[in-house]
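Beneath this line is the structure, given in structure tokens, with notes to follow.
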Ligand code: 9WN
């Protein structure tokens, strides 16, 4: 983490222009209390987006970065979950689907502790928040202490992790499970295809997509995917978002999600030490989670971490960028780091034209260069892998990835994702986490 704070300021004119462009995106996408991922496609507040955005915002205003995280935490449920969307009440319901009248959090989620004052979704996203909070604190410790930032967020972030480790340990082996493809943040990854085939889709006339008003159909999940997303979310809602009562038809242990939990537990330990609280519980959790991640999700012959489908209790034989993100974990066995590096730099994940990391195996049977999480290269996962490379002192590889990131982010107008073979932008432009993480790499 220290390396994030030690980088030299940009020195040349191109970097300064890029920095200004990235700052402009974050200013334009700021609503007054938080930042939308995109003014068109995603006009509310998203959970892991806000964490990545805060990591970049801290270079513009530590105060605003704190606000970004605290506004998200205002939507936290009493059971500890941080919902994946906090809705902006000023927007009409047709601005995004599924809208508040689908999730009905304040009514359907009342027993699970949904807030009465805000409408949110009922599912979660990867736990990047504690890592983000610690980096935000480190950016301006004086301002952070003055506002009591860590004292305010530490109990909430601890409750969030407690929720994941207690209520979401659906496999009973000490890892957190996701119960909807939106939860790992990689909606239509081929990793979920087999599990989703078991789900009866909601009928097409039961819902109206809003994403196709702003996104190209070839870049987005299909209608069949949406039918299944709707079915799973509606079933969870109808069970009162109660993790003990719900009968999950989709339950997966995802490597990226759990790697982020480990790194965020380590961040909680750092925050606890800083505030004079007990850090040992978080350190012990991070160590135990690391052992379980390796025991349950490492695929030695494949040289990558894999998702575990808890309904069949088998590893999913698809290679996605999620399986490379555990490079972030500092105390991985050295031979696993070596194998991950081989996989990252091998033919499945080396996109020569861009130098970015595709979201799915370039040689995989389901690879699609345009369709969302089925091949395009994303900037948040590139940033995570960049951090992982530095964590293991793979500085030359980290520098190469950083340079590819900054070049492509600038050339594409801060695109949501790019075709890894051509570098052409796909999805939304002026996308907040792309801009925020560019700023972070430039500062
Ligand atoms: C559903 C906001 C989010 C990201 C996810 C990305 C996409 C939403 C959607 O956009 O998901 O949550 O409507 O497709 O997959 O990672 O957080 O940027």
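All of the numbers you see were taken from the coordinates with simple rules; none came from a lab. Since the structure is predicted, the reported quantities are computational estimates derived from the model, not experimental observations. Note that we place each Cβ from the backbone using ideal geometry, even for glycine, and neighbour counts take in every protein chain shown.
Along each principal axis, taking the top coordinate minus the bottom one, the Cα set of the stretch 330-443 gives 39, 38, 20 Å in descending order. Cut-off 15 Å, label point 7 angstrom out along Cα-to-Cβ of residue 224: give me the residues of the stretch 339-376 whose amide nitrogen falls inside. In the stretch 339-376, the label zone of residue 224 (backbone N under 15 Å from the point 7 Å along Cα→Cβ) covers 366-367. A Gaussian network model of the chain, with springs between Cα atoms under 10 Å, assigns the largest mean-square fluctuation among 253, 194, 183 to 194. Please work out the C-alpha center-to-center distance from the stretch 36-105 to the stretch 219-291 and express it in whole Å. Value for the Cα centre distance between the two parts: 17 Å. Taking other C-beta atoms within 10 Å as the exposure proxy, 123, 85, 199 rank 199, 123, 85 from fewest upward.
Using a Gaussian network model of the chain in which every pair of alpha carbons under 10 angstrom is joined by a spring, one finds that among 255, 190, 203 the greatest mean-square fluctuation is at 203. Between residue 145 and residue 300, full extension at 0.36 nm per residue minus the direct alpha carbon distance yields a gain of 51.3 nm. Working from Cα pairs under 8 Å separated by at least six residues, relative contact order for the chain is 18 percent. Take the Cβ-Cβ distance between residue 205 and residue 429 as r, set R0 to 41 Å, and report the resulting FRET efficiency rounded to the nearest 0.05. The computed FRET efficiency comes out at 0.80. Taking only Cα atoms and a 10 Å spring cutoff, compute GNM fluctuations for the chain and point out the largest among 118, 206, 173. Maximum among the listed residues: 206. Quick check on the stretch 280-341: take the gyration tensor over C-alpha atoms, sort the square-rooted eigenvalues as a ≥ b ≥ c, and tell me if it's rounded (a/c under 1.5), prolate or oblate. Oblate, since a/c reaches 1.5 and b/c is not below a/b.
Provide the convex hull volume over Cα atoms per residue for the chain, in Å³.
On the way: hull volume 56.6 nm³, N = 443.
Each residue corresponds to 128 Å³ of Cα convex hull volume.
Working from label points 7 Å from Cα in the Cα-to-Cβ sense, the residue 247 to residue 20 distance is 6.1 nm. Estimated from helical segments only, the mean residue ellipticity of the chain at 222 nm is -14000 deg cm²/dmol, where each DSSP H run of four or more residues counts as -39500 (n - 2.57). Counted by neighbouring Cβ atoms within 10 Å, the residues 150, 170, 260 run from fewest to most as 170, 150, 260.
Please report the relative contact order for the stretch 336-384, taking Cα pairs under 8 Å with a sequence separation of at least 6, and give it as a percent rounded to a whole number. Don't jump to the answer; show the numbers that get you there.
Details: 55 pairs, mean separation 13.0, N = 49.
Reported relative contact order: 27 percent.
Considering only the Cα atoms of the stretch 107-155, their convex hull presents on average a projected area of 4.6 nm². The ranking of 406, 142, 178 by Cβ neighbour count inside 10 Å, starting from the fewest, reads 142, 406, 178.
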